[in-house]
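See below for the structure under consideration.
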Amino acid sequence: MRCCMSRFQEEVMALPLPGIEAVLSSDELQVANEDAVYDFVLKWARVQYPRLEERREVLGTRLGRLIRFPNMSSRKLKKVLACNDFDHDLATKLVMDALFFKAETPHRQRALMAEESANRRFAERAYKYRPVKVVEFDSPHTQCIVFLDLKREECAALFPTGRVYSQAFHLGGQGFFLSAHCNMDQQSSFHCFGLFLGMQEKGSVSFAVDYEFAARSKPTAWEFVSKYKGNYTFTGGKAVGYRNLFQMPWTSFMAEDSHYFVNGVLHLRAELTIKPQALC
C-alpha cells in the first residue's frame with residue numbers, strides 16, 4: 001500500500017481507526033520521517049478521541065505499536081516522554097527500547113530486524129529523509145557525531161545527478177543535515193560520490209564549525225577512516241563538503257569489489273565541533 005501522507009493528509013485524517021492502522025502498517029508509506037508519522041498519529045487521535053482516557057487507550061493498544069519509534073529522532077523521543085497522550089510507563093518503555101536500538105552496532109541492528117521480521121517496528125518506510133544516529137557531547141566542546149548508512153541500491157539510484165538527504169540533527173541549537181550526491185568531479189571529467197553538510201535555518205545567525213567526514217572500509221570494515229576535514233562558517237541555507245569524497249570515479253566506487261560497501265551498506269560518519277571562540 002503506497003500512500004503519501006502529506007499529499008493526502010485531509011483524506012487520511014478522515015479515515016476510521018482500521019484505515020489508519022492499515023496506513024501505519026505499510027513500509028511504503030511516503031513521509032518525510034518517522035517524526036512526522038508520530039505527529040500525525042497524535043493529531044488524528046486528538047481529533048477522533050477528544051477524551052484523554054479514550055485517546056490513551058487507542059494509542060496504547062492500537063496505534064502506538066505501529067509507530068516506529070526506533071526511527072524517530074532523539075529530539076522527538078524526548079518529547080514523547082513529556083507527552084500526556086501516552087501512558088507514562090508505556091512512553092518510557094517505547095523510548096528506552098528505541099534508544100537501546102539506536103545504540104546497537106549496525107550488525108546487531110540488522111539481527112534484531114531479522115528476529116522481529118513480523119513486527120515492523122524496526123523497519124524503515126519510504127522516508128524522504130534518511131534516518132541518522134546522533135551522539136552529542138557538551139564537553140570539552142559542543143560536538144556531535146552523526147552516522148548515516150546508505151544501502152548499495154540507494155547509492156546506485158543516485159547516478160547520474162541524484163542526491164539524498166538525511167534527517168535533521170542539531171548542534172549549538174541549529175539544525176543541520178547531510179546530503180550525499182552523485183556529481184561531477186572538479187574538472188567535470190567523471191562522476192563521483194560527494195558528501196555535504198548543510199545548515200537548515202536561514203537568517204543572520206552564523207558560527208564556525210570544525211567538521212570531519214569518515215567512512216568504514218575493508219579490510220578493517222568496522223573502523224572509520226577519515227576522508228575529509230575542514231572548517232566552515234555557516235549561515236542559514238549554506239552547505240559545504242567534498243565533491244569526490246573517495247577520490248575515485250563513480251564506477252570504481254560502485255564496483256563489486258569496492259572497499260566502501262560492507263555487507264552492502266555504505267557507513268558514513270560526520271563529526272561536528274563548535275569551539276567556544278568560534279561562536280558568533
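Treating only the Cβ of Lys, Arg, Asp and Glu as charged (+1, +1, -1, -1), what charge dipole size does the stretch 1-132 show about its Cα centre? Round to the nearest 20 debye. Show your work: numbers first, answer last.
On the way: 23 positive and 19 negative charges, 83 e Å.
Around 400 debye, computed over the stretch 1-132.
Only sites in a loop by DSSP and with at most 11 other Cβ atoms within 10 Å count here; which trypsin sites (Lys or Arg not before Pro) in the stretch 174-246 make the cut?
Taking the stretch 174-246 and a limit of 11 other Cβ atoms within 10 Å, the loop trypsin sites (Lys or Arg not before Pro) found are Lys202.
What is the projected area of the convex hull of the Cα atoms of the chain, averaged over all directions, in nm²?
The orientation-averaged projected area of the Cα hull of the chain comes to 16.6 nm².
In sequence order, what are the phi-derived ³J(HN,Hα) couplings for the stretch 35-41 according to the Karplus relation 6.51 cos²θ - 1.76 cosθ + 1.60 with θ = phi - 60°, rounded to whole Hz, with x for glycine and proline?
4, 5, 5, 4, 4, 5, 4
For the chain, with the dipole built from +1 on Lys and Arg beta-carbon atoms and -1 on Asp and Glu ones, taken about the Cα centre, which of Phe122, Ala157, Ile67 lies farthest toward the positive end?
Ala157
At most 12 other Cβ atoms within 10 Å plus a DSSP loop assignment makes a site exposed; report the longest stretch of the chain without any exposed GluC sites (Glu not before Pro).
Here the longest run is 117-222.
Bin width 5 Å, alpha-carbon pairs only: give the P(r) of the stretch 131-278 as whole percents, running from 0 to the bin holding the largest distance.
So the P(r) values, bin by bin, are 2, 9, 19, 23, 20, 13, 8, 4, 1, 0.
Binned at 5 Å from 0, what are the whole-percent values of the Cα-Cα distance distribution for the stretch 3-122, short to long?
Using 5 Å bins, I get a P(r) of 2, 11, 21, 24, 21, 14, 5, 2, 0 for the stretch 3-122.
Cα centroids of the stretch 105-172 and the stretch 206-272: how far apart, whole angstrom?
After rounding, the separation between the Cα centres reads 14 Å.
Once the other residues with Cβ under 10 Å from the Cβ of Asp85 are scored (Lys, Arg +1; Asp, Glu -1), what is the net sum?
Neighbour charge sum, excluding Asp85 itself: +2.
Take every Cα-Cα distance within the stretch 102-217, group them into 5 Å bins from 0 onward, and report for each bin the whole-number percent of pairs it holds.
Distribution as computed: 2, 8, 17, 19, 19, 16, 11, 6, 2, 0 percent.
No value in this document is a laboratory result; all are computed from the given coordinates. Bear in mind that the values here come from a model prediction, so they are computed numbers and not experimental data. For neighbour counting, all protein chains shown are included, and Cβ atoms are generated from backbone atoms with ideal geometry for every residue, glycine included.
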